[in-house]
Amino acid sequence: MKTLSPLQKARYAYIPKLPGMLRHGINEICVKEGLATESVADQEKIKALFPNTYGKKEITFEKGTNTSTAKKQVVGVILSGGQAPGGHNVVCGLYDALKATDKDNTLIGFKNGPAGLIEDNHVVFDDEFINEYRNTGGFDIIGSGRTKLETEDQFKVATEVCKKHGITAIVIIGGDDSNTNAAVLAEYFAANNVGVQVIGCPKTIDGDLKNEDIECSFGFDTATKTYSEVIGNIERDANSAKKYWHFVKVMGRSASHVALECALETQPNICLISEEVEAKKMSLSQIADYIADSVNERANNGMNFGVAIIPEGVVEFVPEFKTLISEINELLAGEKAEAFNNLGTWAEKYAFIEKGLTKESMEVFAILPQGIQQQLFLERDPHGNVQVSLIESEKLFSALVKDKLAQRKKAGTYNGKFSPLHHFFGYEGRCAFPSNFDADYCYSLGYNAFMLIQYGYNGYLSKVSNLSKPAEEWVAGGMPITKMMNIERRHGEDKPVIKKALVELDGKPFKFFEANRETWAKETCYTYPGAIQYYGPAEVCDLTTKTLALEKGE
């Protein structure tokens, strides 16, 4: 028998807040068209690849007479990529708007990501089914997957599945890759007169799907609040026990938005920002010295404890480490990999490596802890390359710092104690109960997605902005996905992709962090965000991220 926690029961009853203009009722919402758009870069190439969906106008929904053509809608929805809190509410908002327009409209959920569309593995939603997932975390309503929709054969199968069910539109809920897939599918449907619209919704806890139009991807708010709660708890424990340095790795392989937001929330002693590491061309040794300086100074003041936040992808931004990885991939290419694997001992393998790497890369390799060294050669992806994402960077940097402190102790400049502990916060935040912000934002994105469908838009992203204000003041509309695209080199080919948003080193969130981190490194300035609050004053329950507030000058 399935039992529900009191919080589950209470959250089912929560009614998400919509932007003001979406509260008027479906029949009182009209469209205001803006300017035609162009891609963020590579305009001619993107236009050539998307002749039917490129250059469309941005739109905003306003109060007014609904001028859309009434017709029965059968909409398919897909959850794509990694989980993010609030995904269920996108589906619920889409369902409610669809049913509010015409109770005979149908919502079909394709299971396990884009593969569900190709395999016609689906469920038809009804009230009873939907109501079990309102305001809850996870993607378990239909599951997710990472299948890419990019081949002619896949598009043909998708077309047949849509015809079979009479589908008029597909909504793809995902990150940058998933919404790139949405744009490609929308272009195919338009070019071949399939008669099916495609709408995307911006999801990723990493926070790197954002730009001047998309202020925040959904899930980022909840995930960073979840991590920040635990980091705050660790800080309080560190300040109580006064004997451990905690190295906390957080998600964010391609960008450091999560690390930066958690730092703004908790004010740790150290937070690495990958984009800064790359811009300053910092070496592993320089990074280790930077952390060791904080450990040293705090120890001199009787504080043998601290907290350091490490983004999971930081080593990929270290120029010398990038070169090392490239050389290792080359070293083990083809038949050389078999020769390496046939060597019996690590000493023999180490000698093989020493002969194969340049002097500069060998110097980098030599300072790595042996466990990391072996990991670089034992853990390979299907293409034979190093799986950098598996490197335990929190343990790597604590080991390097330990070596630095040992050298300082010998030199007589350090006399403290260094006892590191390690943590990795990733999956803990991906399926948390969504904050009120994410519950509201996601429901609005889904509701808004149906408005885009009703007005006939194709290849658009559901867009809700002015997010630092109360939901009543949020602005709903849509933007062509092609506006966010550029050309990147992927697996030896030029591919159209949505441009990832990295931490801007001249942006207000980083500048605030930069202005305060020297003090945080020396002193104990910890802040304790506590658990996400769902009930109580709006300034506690509906607050946005520090990142968004700083970006908006609040």
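The values are calculated or read from the model by the stated rules, or taken from the named source; none is laboratory data. What you are looking at is a predicted structure, and each value in this text was computed from that prediction instead of being measured. Neighbour counts are summed over all protein chains in view; Cβ atoms, including those assigned to glycine, are modelled from backbone coordinates with ideal geometry. The area values use the complete protein model at the heavy-atom level, side chains included, leaving out ligands, DNA and RNA. Shrake-Rupley method; radii C 1.70, N 1.55, O 1.52, S 1.80 Å.
Data overview
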quantity: For segment 451-467, 3J(HN,Hα) per residue [Karplus equation, 6.51 cos²θ - 1.76 cosθ + 1.60, θ = phi - 60°, Hz, x = Gly/Pro]; calculated: 4, 5, 5, 4, 8, x, 7, 9, x, 10, 9, 5, 10, 10, 10, 6, 6
quantity: Estimated dipole of segment 297-358 in Debye, rounded to 20 [Cβ of Lys and Arg +1, of Asp and Glu -1, Cα centre]; calculated: 180
quantity: Kirkwood hydrodynamic radius (C-alpha pairs) into Stokes-Einstein, the chain, 37 °C and 0.692 mPa s, D in µm²/s; calculated: 131
quantity: Nonlocal amide H pairs with R146, under 5 Å, H built at 1.01 Å; calculated: G81
quantity: Ordering of 257-267, 514-524, 428-438 by burial proxy (mean other Cβ atoms within 10 Å per residue, highest first); calculated: 257-267, 428-438, 514-524
quantity: Where the Cα pairs of segment 313-358 fall when distances are cut into 10 Å bins, in %; calculated: 26, 47, 25, 2
quantity: Dipole magnitude of segment 1-61, debye to nearest 20 (Cβ charges: Lys/Arg +1, Asp/Glu -1, about Cα centre); calculated: 520
quantity: Segment 163-245 - convex hull of the alpha-carbon atoms, volume per residue in Å³; calculated: 128
quantity: Apportionment of accessible area to carbon and sulfur, the chain, percent (1.4 Å); calculated: 50
quantity: Kirkwood-Stokes translational diffusion coefficient of segment 344-481, alpha-carbon pairs, 25 °C, 0.890 mPa s, µm²/s; calculated: 118
quantity: Three-way shape label, segment 244-310, alpha-carbon gyration tensor, a/c 1.5; calculated: oblate
quantity: Nitroxide proxy distance, nm - points 7 Å out along Cα→Cβ at R146 and A538; calculated: 4.1
quantity: Positive dipole terminus of segment 430-554, leading residue within C525, Q454, V475 (C-beta point charges); calculated: Q454
quantity: Unit charges at the beta carbon, dipole of segment 376-445: most positive-side option, A432, L445, H422; calculated: H422
quantity: Semi-axis lengths, Å, segment 1-152, gyration tensor of Cα atoms, sqrt of 5 times eigenvalues; calculated: 30, 24, 16
quantity: Listed peptides 300-310, 232-242 by packing density, highest first (mean Cβ within 10 Å); calculated: 300-310, 232-242
quantity: Selection from H165, I142, V196, by position along the positive dipole direction of segment 126-232 (Cβ); calculated: H165
quantity: Pairwise label distance in nanometres, D120 with K57, each label 7 Å out on the Cα-Cβ vector; calculated: 3.9
quantity: Shape call, segment 285-422: gyration tensor on alpha carbons, a/c limit 1.5; calculated: prolate
quantity: Inter-centroid distance (Cα atoms) of segment 125-191 relative to segment 256-306, Å; calculated: 41
quantity: Spin-label zone in segment 495-534 - amide nitrogen under 11 Å from a point set 7 Å from the Cα of V475 along the C-beta vector; calculated: none
quantity: Residue-normalised accessible area of segment 194-242, given per residue in Å² at a 1.4 Å probe; calculated: 26
quantity: Whole-Å semi-axes of the ellipsoid equivalent to segment 75-161 (Cα gyration tensor, √5λ, descending); calculated: 22, 16, 9
quantity: Nonlocal amide H pairs with K249, under 5 Å, H built at 1.01 Å; calculated: I310, H423, F424, F425
quantity: Listed residue pairs exceeding 18 Å between alpha carbons, taken from K499/K552; K45/K210; K17/K483; K203/K500; K63/K203; K225/K546; calculated: K499/K552; K45/K210; K17/K483; K63/K203
quantity: Anisotropy class of segment 124-205 from Cα gyration tensor, a/c 1.5 cut; calculated: oblate
quantity: Helix 257-266 axis, angle to the chain major axis (alpha carbon atoms, nearest 10°); calculated: 70
quantity: Radius ratio Rg over Rh of segment 459-518, counting only Cα atoms, Kirkwood formula for Rh; calculated: 1.13
quantity: Student exercise, the chain dipole from Lys, Arg, Asp, Glu Cβ charges, in Debye to nearest 20; calculated: 680
quantity: Theoretical gain in end-to-end length, T67 to A10 [0.36 nm per residue, Cα-Cα removed]; calculated: 16.7 nm
